[in-house]
Structure formats: C-alpha cells, structure tokens
Amino acid sequence: MKLNIACISGDGIGPEIVAEAKKVLNATCEKYGHEIEYTDVLMGGCSIDAYGVPLTDETIDICKKSDAVLMGSIGGDTTTSPWYKLEPSLRPEAGLLKIRKALNLFANLRPAFLYSELKEACPLKSETAEKGFDMLIMRELTGGLYFGDRSTKEIDGELVAKDSLEYKESEIRRIAIKAFEVARQRNKKVISVDKANVLDSSRLWRKVTEEVAVAYPDVTLEHMLVDNCAMQIVKNPSQFDVVLTENMFGDILSDEASMVTGSIGMLPSASLNETSFGLYEPSHGSAPDIAGKDIANPIATILSAAMMLKYTFKLDKEAKAIEDAVQKTLQEGYRTSDLLGCGDVSEDKKCGCKRMGDLIAERII
Ligand code: IPM
Ligand code: MN
C-alpha cells in the first residue's frame with residue numbers, strides 16, 4: 001500500500017517527537033512492505049514566523065490531498081512568546097482550531113489506558129491502579145464553546161466578555177453514532193457526559209444520545225454529570241469504556257484521564273471526519289520548556305501513528321505491531337524522564353526522545 005501523509009511537526013517538542021514517530025512508521029512500512037511518502041507543512045508558531053499566519057490555505061490544501069495528517073504539537077510559552085502578543089485569531093492555537101474545522105474533524109478519539117508496566121507511575125491509590133483501566137474519550141471537536149460566537153465589549157463602563165455554547169442536533173447525532181460504533185468494537189458501554197442539570201445544550205445532548213442509542217441495543221448508555229465524571233476518573237476509572245462528551249468537557253477530562261495513566265506523554269489521539277481521513281496527534285502540548293533537549297516522551301506521537309494505520313489505512317496488524325513494540329520497550333524497563341516516578345530505574349534504562357524512538361523502531365516485528 002502507498003501511504004501519503006502530510007506532516008505537521010509544529011513547535012516546541014513537535015519536531016523531535018514527530019521525527020521518532022516517522023522512524024517507527026518507516027520501520028513498520030519496511031517490515032510489512034508499504035511505501036510511505038511524507039509532505040512536510042507548517043502550522044502554528046513556525047507558520048506565523050514564516051508567513052505571518054498560523055495556517056495557510058496551502059497547508060490546508062496539502063492536508064486535504066493526503067490520506068492522513070501526522071502532527072506533533074503547536075504553540076509556545078503563552079507568557080513570553082511574541083506569538084501571544086498577536087490578536088487571538090493569529091496565534092498558534094487558531095491554526096489548530098481552523099484546520100480541525102476546515103477538515104471537518106468532528107470526532108476526537110483519546111484512549112487512556114493504564115499499561116501494567118506503568119502502574120507505579122499512576123498517581124491513584126494502588127488498589128485502584130491494580131485494577132487497571134482502558135477508556136476512550138470521544139470528544140466532539142468542531143462545535144460548542146470553541147466555535148460559538150464570542151466578543152468582548154464595554155458595557156456600562158466595564159468590559160464584558162462572552163462565549164457561547166451551541167450545538168445542533170445533527171452535530172450531536174453524528175458524534176454519538178461514532179461513539180456507539182466504537183463502543184461496539186470495545187466493551188459496549190457508552191457513558192455520555194454533560195451538565196444537563198444546568199445547560200440547555202446538555203439537555204439536547206442527552207435527548208439526542210438517547211435517540212441514537214435505540215439503534216444500538218447491544219450497547220448500554222448511561223449519563224453522567226461532568227463534575228461527577230471528573231471525580232469518578234480519579235475514584236474508579238475502570239468503570240469507563242467509551243466516554244462521549246462535548247468539546248470543552250472533553251478537553252478537560254482527557255487531560256485528567258491522561259494524567260492517571262502515569263504521564264500525559266503516553267496519550268495519543270485521532271481526529272476523524274465521516275471518511276477514513278484523519279489527523280493524528282498526541283494529546284499533550286508543545287512543552288516549550290523542554291524543547292530541543294532530547295528529553296520529551298515520543299510515545300504519544302508514536303501511538304498516534306499506530307492509530308493512523310488502524311483508522312485511516314485499516315492496517316490493523318501493522319498498528320498492533322507498533323503498540324506491541326511500545327509495550328515491549330516499557331516491559332524491558334526503558335523510561336523517558338516523565339516516567340521515572342515509578343520504581344527504580346537504572347541509569348542504562350533512562351532514555352531521551354531519540355533513544356526511545358530507536359528502541360521502539362527496533363522492536364517492530
Ligand atoms: C488539545 C489542546 C487544544 C484544545 C488547544 C491547543 C487549542 O489543548 O488538543 O486538547 O484545547 O483543543
Ligand atoms: Mn487540551
């Protein structure tokens with residue numbers, strides 16, 4: 001198979017982690033006889049520096065013509081970087097939001113899985129960590145507060161800022177269908193998270209998810225309020241299978257879920273539209289404080305590449321080969337610095353970003 005991939009390395013640790021994901025993808029394609037071609041494009045701060053805008057039409061065009069997009073991370077230090085002196089629509093994050101919308105990537109899948117090797121890095125009580133957990137957050141990605149009308153106006157002598165949270169039935173329905181479809185391939189349980197005790201948008205969310213559930217009698221649907229969900233993720237994460245939620249709640253809950261896996265450096269993501277096209281990126285940010293030091297954990301990006309093989313190219317065996325290689329490397333005790341919290345790690349097992357990429361690539365079978 002020929003794989004045409006647009007590559008957005010981005011800012012901060014982005015170029016380092018994408019280089020390792022490419023290394024692992026190349027090793028996999030070589031082993032399994034696929035041809036792979038990357039087209040590098042700019043987005044985020046590096047695009048601002050080159051073109052004055054965080055995302056050009058040319059980048060969007062190249063992404064649209066590719067089968068999938070592999071992304072690192074974008075953005076810089078919000079207090080010191082000159083990018084954050086620009087108006088909001090010209091800052092790095094605006095590029096990410098624009099590309100999500102331009103490619104209609106409404107479904108964001110963020111799996112949070114506790115590797116048995118990392119149980120000691122899990123900040124939860126040991127009896128909770130011992131049970132393990134394997135959840136998938138299905139975050140709506142092109143609606144809600146992120147894309148509603150916003151304004152800051154002076155009214156009666158003071159500034160008033162407003163953001164609006166709006167969802168159409170059709171937007172809720174299509175993400176709910178994805179959640180039920182994915183749940184069918186997993187443990188057949190959807191927990192839909194909302195704030196239906198306060199918000200109209202959540203009451204509509206509940207109504208539409210219940211309508212969708214009728215077509216999936218083999219999948220159970222439960223509703224959970226978002227504040228309770230935040231609590232349950234740290235209290236009893238093994239109760240979750242698929243967590244279906246709107247954009248902002250999903251942003252927050254996925255960071256929380258990633259932290260209980262031991263490190264935010266482990267969490268991949270896939271952003272999908274109605275076709276097999278997808279954008280694949282780690283759930284973490286650009287970590288400008290550690291950029292260029294070869295200490296970032298590339299695993300979230302490597303696992304995002306595995307998700308790309310699975311969801312865009314339907315290459316399940318190859319995706320599994322990457323996941324197994326990651327697990328094997330962890331089993332053998334290798335750790336990047338974000339994973340050092342757990343147990344004793346001897347000097348020879350401590351890795352930088354490049355070495356971790358090499359070790360995983362070598363273990364592709
Ligand atoms: C994420 C990030 C983005 C988001 C930011 C960078 C705009 O936090 O992908 O979770 O809020 O969606
Ligand atoms: Mn986020």
Checking Ser258 against (1) closer than 25 Å to Tyr167 by Cα; (2) within 13 Å of ligand 2 (Cβ to nearest atom), which single condition isn't satisfied? (1)
Output the helices (runs of 4 or more DSSP H) that fall wholly within region 218-321 and possess 1 or more residues being under 12 Å from the mean Cα position of the chain (by Cα) and at negative phi, or say none. 247-260, 299-311
What pairs come out if I take residues in region 78-98 that are away from ligand 2 (no atom under 16 Å from the Cβ) and pair them with residues that are hydroxyl-bearing (Ser, Thr, Tyr) whose C-beta lies under 7 Å away, six or more apart or interchain? Tyr84/Thr78
Candidates Glu166, Glu120 - the one that is surrounded by fewer than 16 Cβ atoms within 10 Å (Cβ to Cβ) and assigned to a helix (DSSP H, G or I): Glu120
The residue that is most open to solvent (accessible area, probe 1.4 Å), considering only those in region 261-294 that are within 17 Å of Gly45 (Cβ to Cβ) and more than 11 Å from ligand 2 (Cβ to nearest atom), is Asp289
Which of the following residues is at pLDDT 95 or above, open to solvent by less than 50 Å² (accessible area, probe 1.4 Å), on the phi < 0 side of the Ramachandran plot and not in a loop (DSSP other than H, G, I, E, B): Glu171, Glu210? Glu171
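The values are calculated or read from the model by the stated rules, or taken from the named source; none is laboratory data. If you're wondering where the values come from, they're calculated on a predicted model, not measured in any experiment. Don't worry about glycine lacking a Cβ; one is built from the backbone with ideal geometry, like all the others, and counts go over all protein chains shown. Surface areas here come from the heavy atoms of the whole protein model, side chains and all, with no ligands, DNA or RNA. Shrake-Rupley method; radii C 1.70, N 1.55, O 1.52, S 1.80 Å.
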